[in-house]
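Presented below is the structure to which this report refers.
The values are calculated or read from the model by the stated rules, or taken from the named source; none is laboratory data. All values derive from a computational prediction rather than experimental measurement. Glycine also receives a Cβ, built like all others from the backbone with ideal geometry; neighbour counts cover every protein chain displayed.
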Amino acid sequence: MKKGLLLSVVATGFIFAGGNIAPVAPVAQPQVAPAACDFWGTIAVRYDAHKDGEFNIGDTENNKAALAIAMGVEKQIGAGFGLGAEVDAGFLTDGEFNTLGSLDKKEFSALSQLYVTYKAGNTVIKAGRQALPKAVSPLAFTERGTLGGVPLQTYNGVTLVNTDVENTTLVAAWVRSTYNTLTNDNTKVGDKGVFMLGAINKSIANTTLSFAGYYAKKGNALPADLTTVFGAAETKAGDVKLGLQLAYSKLKGADKTFGVAAYAATNFNGLDAKLTLAYINDGVAPLTVTPGVSAFWGATWRVMGGNANGAKQKIARLDLGYKVGAGKVYGGVAADKADGKSTAVAARIGYDFKIADVNAKVEYRYNKNFAKVKNHRVRVQGVYKF
């Protein structure tokens, strides 16, 4: 199935799907004749056996089984205009399990995306409910991993992408509110929404430089005006990849939060290895407004089962991977030392493989969070993309 997005330029793919951006050369004007629809989707089945404290794989009160479906359509309608939409749904496969995630419900459905686009030369404007990319939107972005392709959140706003500058992608956005696909709730961000400017440059060989800045007025759940800045440099030399990232966040009238993270990654005799080290000071301003996730490399929200906001953190994480048969064995360990709290530790090991056209995964995960609560989890998941 074709995975191309509404417009046949990488910049358009950027605002539709997210992820890292490859700068593009100037492109031709859009065709006047409408293009055919591009349909896409995923079907995912997942089972989680987990328990806080003593591990009990047969604990049906805590275990979760879910089926999730995501379907989208994108179409050029001519004269530079395009339309797109996405619907998502999910439900538990066994009535014995009475929650989906932390929600006391057995099913959900959502219109997670509904947008219009306009393209003129190398500029694309997208307005409506949409997914935001991680590459230049680390403060608030759309993630699709947890339910096998169903986004946890999308955003209501306007995005503008331009590639006129050689080897550079420029992005501007205004986000009025966050849409939660599980609850169908729209949550306003600040009093006037969030304003964002971002850029990705690849003028230096094998090197990517990126920047993203945000500003939001106080209001709703935001106690004060918020300013956040991210900057990163990544380069490759032979089989070695290096990265450095800085993050800064300031709530007006409160202490600043800043973080620095660095990684080194390589492949040695077929073994992928990546070491990440990070430091976060004790400021209270958030480095993310997306619950549970952050593009700050040192963040350990998901692995640790919660962050230590307001405390100094020293973080170390090692990730490994090795191809075995038709799949890949992967694993990792992490530690997060936070002042005034117990050290959080985590470990996981899994096998990622493909059966026919289904991407499958079996994983065991362990963590002990800052409250010394231990959690064991076994996950089995299959995702079919079409």
Tell me which of these Gly190 doesn't satisfy, since it passes every other one: (1) within 21 Å of the chain's Cα centre (by Cα); (2) on the phi > 0 side of the Ramachandran plot.
(1)
Could you tell me how many of the residues in region 327-386 are crowded, with 18+ Cβ neighbours inside 10 Å, hydrophobic (A, V, I, L, M, F, W, C) and not in a strand (DSSP E or B)?
1
Every residue from region 344-380 that is touching a residue at least 60 places away in the same chain (Cβ under 8 Å) and of a type in the set (Val, Ile, Thr):
Val373, Val378, Val380
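Is it the case that Asn186 is surrounded by fewer than 18 Cβ atoms within 10 Å (Cβ to Cβ), touching a Phe, Trp or Tyr at 6+ places or on another chain (Cβ under 6 Å) and free of Cβ contacts under 8 Å to residues at least 40 places away in the same chain?
Working: surrounded by fewer than 18 Cβ atoms within 10 Å (Cβ to Cβ): yes; touching a Phe, Trp or Tyr at 6+ places or on another chain (Cβ under 6 Å): yes; free of Cβ contacts under 8 Å to residues at least 40 places away in the same chain: yes.
So Asn186 fits the description; yes.
Quick one: in region 204-248, which of the residues that are among the β-branched types (Val, Ile, Thr) and in a strand (DSSP E or B) is surrounded by the fewest Cβ atoms within 10 Å (Cβ to Cβ)? Walk me through how you get there before you give the answer.
Keep residues of region 204-248 that are among the β-branched types (Val, Ile, Thr), which gives 204, 207-208, 227-229, 235, 240.
Narrowing further to those that are in a strand (DSSP E or B): 207-208, 227-229, 235, 240.
Working: Thr207: 14, Thr208: 21, Thr227: 15, Thr228: 25, Val229: 17, Thr235: 15, Val240: 11.
The extreme case among them is Val240.
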Subset tally (residues that are within 21 Å of Asn220 (Cα to Cα), buried (at least 22 other Cβ atoms within 10 Å of the Cβ) and of a type in the set (Gly, Ala, Ser)) for region 138-177:
3
Would you point out the residue of region 306-326, among those that are touching a Gly at 6+ places or on another chain (Cβ under 8 Å) and of a type outside the set (Gly, Ala, Ser), that is surrounded by the fewest Cβ atoms within 10 Å (Cβ to Cβ)?
Lys323
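Scan region 180-203 for residues that are in a loop (DSSP other than H, G, I, E, B) and at pLDDT below 90 and report the count.
First, the residues of region 180-203 that are in a loop (DSSP other than H, G, I, E, B): 181-184, 190-193, 202-203.
Restricting the remaining residues to those that are at pLDDT below 90 gives 181-184, 190-193.
Counting residues in region 180-203 that are in a loop (DSSP other than H, G, I, E, B) and at pLDDT below 90 gives 8.
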